[in-house]
Amino acid sequence: MGKFRFIETEMEGLYIVEPTVFGDERGYFMETFNDEFAPYVTHIDGTPCQYVQDNESSSRRGVLRGMHLQLTQPQGKLVRVIEGEVYDVAADVRPGSPTYGRHLGVYLSAENRRQLLVPEGFLHGFLVVSPTARFVYKCTRLYAPQDEFGVQWNDPDLAIGWPLPEEEIILAPKDRVSHSLRELMEKQGK
């Protein structure tokens, strides 16, 4: 029996992952990653790959990090929350994908222990909905700031239903000047 349940979504390659949690009066134990992920972790061209970088961030309520991707060196991600709760969003922007422009939003928390397996070619972002949150993730490629591209968190073509009102959203300067989904489509030749 596997240690993980991979829940398919409507977008190919995007999975909600539920770990098996062993708990008793002392607390709990779970694996967060093992070789069961191997068939699911691929480059955008379908070739197998490995995670090469781990990241961690800490943010307060209202912080929205996203929506980002790397254009020529796309990163797949395995994301989870180890403290607090976030609303995590992945949007398919793979050229030629039948689900291009669609997104999935899920709550990830230290309590529900869910993970999101985000394939290469997706925009990704999250909004902190608890007082604070610590967010950890693995990436299939190294961070390349010169290759990063951002789409506005409130782009009308993405139409993401963020769970906090706009006046509570806290953005980094780079996210205040992000592009539109239409600009990304033009850049991709769509």
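If GLY62 meets every condition in (1) at pLDDT 95 or above; (2) on the phi > 0 side of the Ramachandran plot; (3) open to solvent by 10 Å² or more (accessible area, probe 1.4 Å) apart from one, which number is that one?
(3)
Restricting attention to the stretch 62-78, does a residue exist that is within 28 Å of TYR28 (Cβ to Cβ) and in a loop (DSSP other than H, G, I, E, B)? Write out each step before concluding.
Start the filter on the stretch 62-78 by keeping residues that are within 28 Å of TYR28 (Cβ to Cβ), which leaves 63, 65, 76-78.
When the remaining residues are screened for being in a loop (DSSP other than H, G, I, E, B), the result is 76.
Looking for residues that are within 28 Å of TYR28 (Cβ to Cβ) and in a loop (DSSP other than H, G, I, E, B), one finds at least one in the stretch 62-78, hence yes.
Looking at the stretch 136-149, can you tell me whether even one residue there is under 14 Å from the mean Cα position of the chain (by Cα), within 25 Å of MET30 (Cα to Cα) and without any contact (Cβ under 8 Å) to a residue 24 or more places away in the chain?
no
Mind listing whichever residues of the stretch 76-104 are without any contact (Cβ under 8 Å) to a residue 60 or more places away in the chain and not small (Gly, Ala, Ser)?
We begin by selecting, within the stretch 76-104, every residue without any contact (Cβ under 8 Å) to a residue 60 or more places away in the chain; these are 79-86, 88, 94, 96, 98, 103.
Answer for the stretch 76-104, where residues must be without any contact (Cβ under 8 Å) to a residue 60 or more places away in the chain and not small (Gly, Ala, Ser): VAL79, ARG80, VAL81, ILE82, GLU83, GLU85, VAL86, ASP88, ARG94, PRO98, HIS103.
For the stretch 169-183, how many residues meet the condition of being open to solvent by 30 Å² or more (accessible area, probe 1.4 Å), assigned to a helix (DSSP H, G or I) and more than 25 Å from GLN53 (Cα to Cα)?
So the count comes out to 3.
Just wondering, is there one or more residues in the stretch 141-158 that are open to solvent by 40 Å² or more (accessible area, probe 1.4 Å), in contact with an Asp or Glu (Cβ under 6 Å, 6 or more places away or on another chain) and under 30 Å from PRO39 (Cβ atoms)?
Step one: filter the stretch 141-158 for residues open to solvent by 40 Å² or more (accessible area, probe 1.4 Å), giving 141-143, 145-146, 148, 152, 154, 156-157.
The next check asks that each one be in contact with an Asp or Glu (Cβ under 6 Å, 6 or more places away or on another chain); those that pass are none.
There is no residue in the stretch 141-158 that is open to solvent by 40 Å² or more (accessible area, probe 1.4 Å), in contact with an Asp or Glu (Cβ under 6 Å, 6 or more places away or on another chain) and under 30 Å from PRO39 (Cβ atoms).
Kindly establish whether GLY161 is more than 20 Å from ASP45 (Cβ to Cβ), among the small types (Gly, Ala, Ser) and open to solvent by less than 20 Å² (accessible area, probe 1.4 Å). Spell out how you get there, then give the answer.
Numbers: more than 20 Å from ASP45 (Cβ to Cβ): yes; among the small types (Gly, Ala, Ser): yes; open to solvent by less than 20 Å² (accessible area, probe 1.4 Å): no.
No; evaluated as a whole, the condition is false for this residue.
Could you count how many residues in the stretch 15-58 are farther than 22 Å from LEU142 by Cβ, open to solvent by less than 30 Å² (accessible area, probe 1.4 Å) and of a type in the set (Ser, Thr, Tyr)?
The qualifying residues number 0.
Any residue at all in the stretch 35-53 that is in a loop (DSSP other than H, G, I, E, B), in contact (Cβ under 8 Å) with a residue 40 or more places away in the chain and at positive phi? If you could, list the steps in order and put the result at the bottom.
The first filter runs over the stretch 35-53 and keeps only residues in a loop (DSSP other than H, G, I, E, B), leaving 41, 43-47, 49-52.
Filter once more, so that each one left must be in contact (Cβ under 8 Å) with a residue 40 or more places away in the chain: 41, 43-44, 49-52.
Pick out the ones that are also at positive phi and you get none.
No, the stretch 35-53 has no match at all.
Does GLU85 satisfy the criteria of being farther than 16 Å from ALA159 by Cα, open to solvent by less than 50 Å² (accessible area, probe 1.4 Å) and of a type in the set (Asp, Glu)?
Numbers: farther than 16 Å from ALA159 by Cα: yes; open to solvent by less than 50 Å² (accessible area, probe 1.4 Å): no; of a type in the set (Asp, Glu): yes.
Answer is no for this residue.
Do the conditions hold for TYR100, that is, is it part of a loop (DSSP other than H, G, I, E, B) and touching a strand residue (DSSP E or B) at 6+ places or on another chain (Cβ under 7 Å)? Give the steps one after another, and end with the answer.
On the way: part of a loop (DSSP other than H, G, I, E, B): yes; touching a strand residue (DSSP E or B) at 6+ places or on another chain (Cβ under 7 Å): yes.
Judged against the criteria, TYR100 is a match.
Just one of (1) without any contact (Cβ under 8 Å) to a residue 40 or more places away in the chain; (2) closer than 23 Å to LEU158 by Cα; (3) among the acidic types (Asp, Glu) trips up GLU25, so point out which.
Every condition holds for GLU25 apart from (2).
For GLU186, state whether it is open to solvent by 70 Å² or more (accessible area, probe 1.4 Å) and modelled with pLDDT under 95. Don't jump to the end; show me each part of the working.
Working: open to solvent by 70 Å² or more (accessible area, probe 1.4 Å): yes; modelled with pLDDT under 95: yes.
It is true that GLU186 is open to solvent by 70 Å² or more (accessible area, probe 1.4 Å) and modelled with pLDDT under 95.
The values are calculated or read from the model by the stated rules, or taken from the named source; none is laboratory data. Every value quoted in this text rests on a predicted model; they were computed, and no experiment measured them. FYI the Cβ positions are ideal-geometry reconstructions off the backbone, even for glycines, and counts take in every protein chain you see. Protein only, heavy atoms only, side chains kept; ligands, DNA and RNA dropped before computing areas. Shrake-Rupley method; radii C 1.70, N 1.55, O 1.52, S 1.80 Å.
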